[in-house]
1. Taking neighbour Cβ counts within 10 Å as the exposure measure, how do M75, M182, M1 sort from fewest upward?
2. Find, among the chymotrypsin sites (Phe, Trp or Tyr not before Pro) in the range 118-221, those assigned to loop by DSSP (not H, G, I, E, B) with at most 16 other beta-carbon atoms within 10 angstrom.
3. Grab the beta carbon distance between Q218 and R253, set R0 = 45 Å, and tell me the FRET efficiency rounded to 0.05.
4. Sequence-distant or interchain residues sharing an amide H contact under 5 Å with G36, placed H: which?
5. For the chain, count the residues as N, evaluate 2.2 N^0.38 Å, and divide the Cα radius of gyration by that value, please.
6. Starting from the Cα-Cα distance between D229 and E89, subtract it from 0.36 nm times their residue separation and give me the gain in nm to one decimal.
7. In terms of modelled amide H atoms, which long-range or inter-chain residues lie less than 5 Å from the amide H of V144?
8. So which residue, out of D202, D72, D88, gets the largest mean-square fluctuation from a GNM of the chain using Cα contacts under 10 Å as springs?
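Please treat every number below as a calculation from the coordinates, not as lab data. Please read all numbers here as calculations on a predicted model, not as lab measurements. All Cβ positions, glycine included, derive from the backbone under ideal geometry; neighbour counts span all protein chains shown.
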Amino acid sequence: MRLAVLSDIHGNLLALETVLADLAAVGGADLTWCLGDLAAFGPRPAECIGRIKTLAEADEGKTFKVIGGNTDRYMVTGERFPVPPAADETTLKQHIELWKASGSSLNWAVEQISFEDYEFLKKLIGRELSHSFDGCHVIGYHAVPGNDETFLLPDTPDEEARDLLLDREGHLAIGGHTHRQMNRDLGNWRVVNVGSVGASIDRPGYAQWGLFTFENGQVTVELRNAAYDLEAVIADLHAVGYPAPDWTASRLRQR
């Protein structure tokens with residue numbers, strides 16, 4: 001039994017198609033999960049929603065399941081990135097720049113999608129996934145169970161990481177949100193982050209996803225990275241009239 005998991009597409013259609021091609025090249029999967037952040041902060045929000053929607057509806061969601069992330073929620077509700085109060089003037093100026101760039105980008109993304117796309121995103125918010133594979137119970141979420149914004153990182157202390165999973169049952173926990181791949185053994189849990197399809201932090205220019213193979217009560221985890229043309233995506237930001245192309249380009253390049 002094989003499970004493919006992707007997350008954090010962020011409107012990057014070229015990266016999404018790269019992942020889907022890579023999945024096909026390794027023989028596909030019995031079940032595919034998409035863990036949210038489909039559209040915001042990339043040049044092709046509507047196209048990414050449409051591609052995922054088509055996959056999810058192809059067999060009534062039996063083999064492709066999708067949930068929402070925090071930026072999907074922002075597009076539906078109008079919320080924006082929360083930040084702690086600024087401690088000094090420099091930090092406040094940084095907050096203002098973030099609010100300007102991210103706000104205009106989110107507003108633009110919503111303007112590009114249809115009401116049917118909006119309705120699709122609305123149904124995904126607050127959801128989680130679970131399935132038992134050959135005796136291994138697996139849960140899927142965007143950031144952490146019950147919260148689509150909390151960061152579970154490679155250096156999060158073990159006790160704190162276990163506390164984030166305290167009210168869930170299972171063996172393998174899979175998420176996204178941080179845009180960094182991770183594979184951690186917490187004793188009672190194995191916690192995996194599949195990274196970001198469209199906006200990787202640890203490997204810019206690579207579309208990330210995870211392949212999980214279950215056999216004889218064991219799971220093999222393969223965190224995959226497929227190269228795509230990052231500069232073509234950045235050029236597309238300019239071509240489509242994206243409102244903050246330089247800000248998003250710096251995030252995609254991680255410099």
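1. The fewest-first ordering by Cβ neighbours comes to M1, M182, M75.
2. F151
3. Given R0 = 45 Å and the Cβ-Cβ separation, E is 0.75.
4. Amide H neighbours of G36, under 5 Å, 5+ apart: D8, I67.
5. That ratio works out to 0.98.
6. So the chain would gain 46.6 nm between D229 and E89.
7. So V144 has HN proximity to E149, T150.
8. Greatest mean-square fluctuation among the candidates belongs to D88.
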